[in-house]
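The structure under discussion appears below in the form of C-alpha cells.
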Amino acid sequence: MEFVIKISQFLLSLSLLIVLHELGHFIPAKAFKTKVEKFYLFFDVKYSLFKKKIGETVYGIGWLPLGGYVKIAGMIDESMDKEQMAQPPQPWEFRSKPAWQRLIIMLGGVTVNFILAYVIFVFVSFIYGDTDIKIDSLKGGYLIENPVLLDAGFKTGDKVLAINDQKIEKDSEIGQYIIGAEQMTIERNGQETVIDLPENFLGQLSDEGSKNLFRYRYPFIVESVPDSSANASVDIQPDDVILGIAGKKLEYFDLFEGELQNYKGQTVTAEILRDDQTITRDIKVTDQGKLGIFRLIDAKRFTDLGYYEVTRREYAFGESFAAGATKFKSTLVNYWSQLKAIFNPSTGAYKGLGGFKAIYDIFPDFWSWEAFWKLTAFLSIMLAVLNLLPIPALDGGHVMFLLYEMVSGRKPSEKFLERAQIIGFFILIALVLFANGNDIFKAVTR
C-alpha cells in the first residue's frame, strides 16, 4: 500500500509538471501561428498508450515516463526530422518566425514552471501556513548519530546557531543553508563552538547514505506493550512516560539503548510519569537489552512535555503572496546552490545526484496534500532550472543560440544546429545514465 501511495504521488506530480511545461511551449507557438504536430505526455517510442488528432495536432500519452514533448514544425529538436528540415521553410514553421517569437516559445516551458511554483507556494502559505520548531526551544539539542557529523566534530546535545554567517532560528533553515556550508556555529554546554566542515562534506554524506542528520531528542513515551513482550503483564499503559531506570534519570529515548545494555536479563525499577504523577514499576530487560515496549512518536505530546516549541504562523490571503515569494526565492537559491555543488567535483556532491528513484523517494509513504504540493513546487523549480542549462537539446541550449542570433544578427546554420542537438542529446543521455546509475548503485550497495 505504501508503494501505491508513493508511486501515485510521484506520477501525479510528474504528469502535472510535464503537461504544464509543454503547455508553456504550446500556447505561444499557437499564438504565433506556428504548427504544433504533437503534444505528448511521456515518450511514445514505437507506440502510444493513447493518441487522438484534434485539428493539426496529435495529442497522446506515451509508455515511457521519462518526460514529455511538443513537436513544433520546422524546429530542430530531439525528433531530428531531417526530411522536413530539407524542405523549403514554410510560413507556419518555427524556423520562419522572428527570433523574438522563437525565444518566447522556447522560454514558455520554464516560465510556466516558475509561475506554477510561485502559485503553489502562495496557496500553500494561505491554506496551511508555516509550522516550524524554534532552535532555542530544543530541550537537549539535537541527536547526532550520523558518522559523518560525528567525524566532523558534532555531538549529541549540540544546538545549531549559525551556518556560515547565516543565523539559524528555525529547524527548517538547517537543510536550507547546509548546502555548500563551510562552517557551523553550535552551542554545546552553554558555550559557542565553531565547527569547520570538510570541502567534500556533501560527498561524505552521500557515501554514508543515511538521511538522518540533525534529529530531535524526545522522551520515551509508551505507545503499547505487545502480548509477546516480557513486560506484557506489567502495569504499563499507553501514554506513560518512562523517566529512567535503576534510579538513573534518562530524559531522552536515545539514552535508553546504551543504559539497558548494563542490565541484560535483569529486572529493574522504572520511574514512570502517569497523569502528572510519578510511579514506579519493576520491568524486565531481555537478554538482548530490550524492553519490548513500542514507543510513541507524537509531536504534540513532545511539545506539551516541553521538549520543543512548535511555532505556527497563518497568513491572510493578501499576506500569502509575500510569503509565497519568500518560499519561492529561498527554494530557487537553495536548489541553485545544490546544482553548483554538484558541478564542483571537489565537493563530492555529484555522488548524491539521483534519478527517478531519488525523486520517487522524496515523496512520503502516506498521502499528504501539503507535502505533495510543496514537493511539486520544488520539482517545478528544479525542472525549470535544469531546462535552462545551456546544453543543446534543452530549452537553455535553444535559448543560447537564439540570443547569439539576436545579438550578432547571424543565424547558426541548420547543419550546425543539428550537430549541436546530437551532442546535447548524448550529454543528456550521459547525465541521465549517471544519475539513475547512482540510484541503482545505492540500492545494490546499501
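The values are calculated or read from the model by the stated rules, or taken from the named source; none is laboratory data. This structure is a prediction, so every number in the text was calculated from the model and none was measured. Heads up, the Cβs are rebuilt from the backbone with ideal geometry, glycines too, and the neighbour counts pull from every protein chain shown. For the accessible areas, the whole protein counts, side chains as well, though only heavy atoms, and no ligand, DNA or RNA atoms are used. Shrake-Rupley method; radii C 1.70, N 1.55, O 1.52, S 1.80 Å.
Among the residues of region 311-336, what is the count of those that are aliphatic (A, V, I, L, M) and open to solvent by 60 Å² or more (accessible area, probe 1.4 Å)?
Counting residues in region 311-336 that are aliphatic (A, V, I, L, M) and open to solvent by 60 Å² or more (accessible area, probe 1.4 Å) gives 2.
For region 151-174, what are the residues that are part of a loop (DSSP other than H, G, I, E, B) and open to solvent by 70 Å² or more (accessible area, probe 1.4 Å)?
The first filter runs over region 151-174 and keeps only residues part of a loop (DSSP other than H, G, I, E, B), leaving 153-158, 164-165, 168-169, 171.
Of everything in region 151-174, those that are part of a loop (DSSP other than H, G, I, E, B) and open to solvent by 70 Å² or more (accessible area, probe 1.4 Å) turn out to be Lys155, Asp165, Glu169.
Pairs please, first residue from region 127-151 and over 16 Å from Glu187 (Cβ atoms), second anywhere and among the polar types (S, T, N, Q) and assigned to a strand (DSSP E or B), Cβ atoms under 9 Å, 6+ apart in sequence or on different chains.
Close Cβ pairs (under 9 Å, with a partner that is among the polar types (S, T, N, Q) and assigned to a strand (DSSP E or B)) amount to Asp130/Thr311; Thr131/Thr311; Asp132/Thr311.
Could you list, in sequence order, all residues of region 256-286 that are among the charged types (D, E, K, R), in contact with a Gly (Cβ under 7 Å, 6 or more places away or on another chain) and modelled with pLDDT under 95? Step through it out loud before you land on a result.
Step one: of region 256-286, the residues among the charged types (D, E, K, R) are 257, 259, 264, 271, 274-276, 281-282, 284.
From what's left, in contact with a Gly (Cβ under 7 Å, 6 or more places away or on another chain): 264, 271.
Once the filter is applied, which keeps residues that are among the charged types (D, E, K, R), in contact with a Gly (Cβ under 7 Å, 6 or more places away or on another chain) and modelled with pLDDT under 95, region 256-286 yields only Lys264.
For region 372-386, enumerate the residues that are open to solvent by 30 Å² or more (accessible area, probe 1.4 Å) and under 18 Å from Phe343 (Cα atoms). Spell out how you get there, then give the answer.
As a first pass, look at region 372-386 and keep what is open to solvent by 30 Å² or more (accessible area, probe 1.4 Å): 373-375, 378, 382-383, 386.
Within region 372-386, Met382, Leu383, Leu386 qualify.
Restricting attention to region 248-259, does a residue exist that is surrounded by fewer than 16 Cβ atoms within 10 Å (Cβ to Cβ) and under 19 Å from Ala232 (Cα atoms)?
No - not one qualifying residue is present in region 248-259.
Scan region 337-353 and give yes if some residue there is buried (at least 17 other Cβ atoms within 10 Å of the Cβ), at pLDDT 85 or above and among the β-branched types (Val, Ile, Thr), otherwise no.
Looking through region 337-353, none of the residues is buried (at least 17 other Cβ atoms within 10 Å of the Cβ), at pLDDT 85 or above and among the β-branched types (Val, Ile, Thr).
Suppose we filter region 26-50 for residues that are assigned to a strand (DSSP E or B), surrounded by 15 or more Cβ atoms within 10 Å (Cβ to Cβ) and under 33 Å from the mean Cα position of the chain (by Cα); how many remain?
Here is the first cut: in region 26-50, the ones assigned to a strand (DSSP E or B) are 36-50.
Now narrow it down to the ones that are surrounded by 15 or more Cβ atoms within 10 Å (Cβ to Cβ): 36-44, 48.
Then keep just the ones that are under 33 Å from the mean Cα position of the chain (by Cα); that gives 38-44, 48.
Counting residues in region 26-50 that are assigned to a strand (DSSP E or B), surrounded by 15 or more Cβ atoms within 10 Å (Cβ to Cβ) and under 33 Å from the mean Cα position of the chain (by Cα) gives 8.
Suppose the filter is within 34 Å of the chain's Cα centre (by Cα) and open to solvent by less than 50 Å² (accessible area, probe 1.4 Å); does Phe3 pass it?
Details: within 34 Å of the chain's Cα centre (by Cα): yes; open to solvent by less than 50 Å² (accessible area, probe 1.4 Å): no.
It is false that Phe3 is within 34 Å of the chain's Cα centre (by Cα) and open to solvent by less than 50 Å² (accessible area, probe 1.4 Å).
Against the definition (among the β-branched types (Val, Ile, Thr) and either open to solvent by less than 20 Å² (accessible area, probe 1.4 Å) or not in a helix (DSSP H, G or I) (or both)), how does Thr111 come out, yes or no?
Numbers: among the β-branched types (Val, Ile, Thr): yes; either open to solvent by less than 20 Å² (accessible area, probe 1.4 Å) or not in a helix (DSSP H, G or I) (or both): no.
Spelling it out, it is not the case that Thr111 is among the β-branched types (Val, Ile, Thr) and either open to solvent by less than 20 Å² (accessible area, probe 1.4 Å) or not in a helix (DSSP H, G or I) (or both).
Pairs, please: C-beta under 6 Å, at least 6 apart or cross-chain, first residue touching a residue at least 40 places away in the same chain (Cβ under 8 Å) and in region 431-446, second assigned to a helix (DSSP H, G or I)?
Listed pairs, sorted by first residue: Asp439/Lys357; Asp439/Ala358.
State the number of residues belonging to region 412-426 that are open to solvent by 70 Å² or more (accessible area, probe 1.4 Å) and either under 22 Å from Phe356 (Cα atoms) or free of Cβ contacts under 8 Å to residues at least 12 places away in the same chain (or both).
5
Just to check your reading of the model, which residue among Leu12, Leu16, Leu66, Leu23 is at pLDDT below 90, open to solvent by 50 Å² or more (accessible area, probe 1.4 Å) and either in contact with a Phe, Trp or Tyr (Cβ under 7 Å, 6 or more places away or on another chain) or not polar (S, T, N, Q) (or both)?
Numbers: Leu12 fails: at pLDDT below 90; Leu16 fails: at pLDDT below 90; Leu23 fails: at pLDDT below 90.
Unique residue meeting the criteria: Leu66.
Across region 117-150, what is the total count of residues that are over 19 Å from Phe302 (Cα atoms), open to solvent by 10 Å² or more (accessible area, probe 1.4 Å) and hydroxyl-bearing (Ser, Thr, Tyr)?
2
Please go through region 1-60 and pick out each residue that is out of contact with any helix residue (DSSP H, G or I) (no Cβ under 9 Å at 6 or more places or on another chain), touching a residue at least 40 places away in the same chain (Cβ under 8 Å), charged (D, E, K, R) and closer than 26 Å to Gly355 by Cα.
Once the filter is applied, which keeps residues that are out of contact with any helix residue (DSSP H, G or I) (no Cβ under 9 Å at 6 or more places or on another chain), touching a residue at least 40 places away in the same chain (Cβ under 8 Å), charged (D, E, K, R) and closer than 26 Å to Gly355 by Cα, region 1-60 yields only Glu2.
It is to be established whether one or more residues within region 365-388 are of a type in the set (Phe, Trp, Tyr) and modelled with pLDDT under 90.
The first filter runs over region 365-388 and keeps only residues of a type in the set (Phe, Trp, Tyr), leaving 366-367, 369, 372-373, 378.
Among the residues that remain, those that are also modelled with pLDDT under 90 are: 366-367.
Yes: one or more hits.
Among the residues of region 387-401 satisfying the criterion of being touching a residue at least 12 places away in the same chain (Cβ under 8 Å) and touching a Gly at 6+ places or on another chain (Cβ under 9 Å), which is most open to solvent (accessible area, probe 1.4 Å)?
Leu388
Residue by residue, here is whether (1) in contact (Cβ under 8 Å) with a residue 60 or more places away in the chain; (2) touching a Phe, Trp or Tyr at 6+ places or on another chain (Cβ under 6 Å); (3) open to solvent by 30 Å² or more (accessible area, probe 1.4 Å) holds:
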| site | (1), (2), (3) |
| --- | --- |
| Asp287 | no, no, yes |
| Leu296 | yes, no, yes |
| Thr303 | no, no, yes |
| Phe356 | yes, no, yes |
| Phe363 | yes, yes, no |
| Phe366 | yes, no, yes |
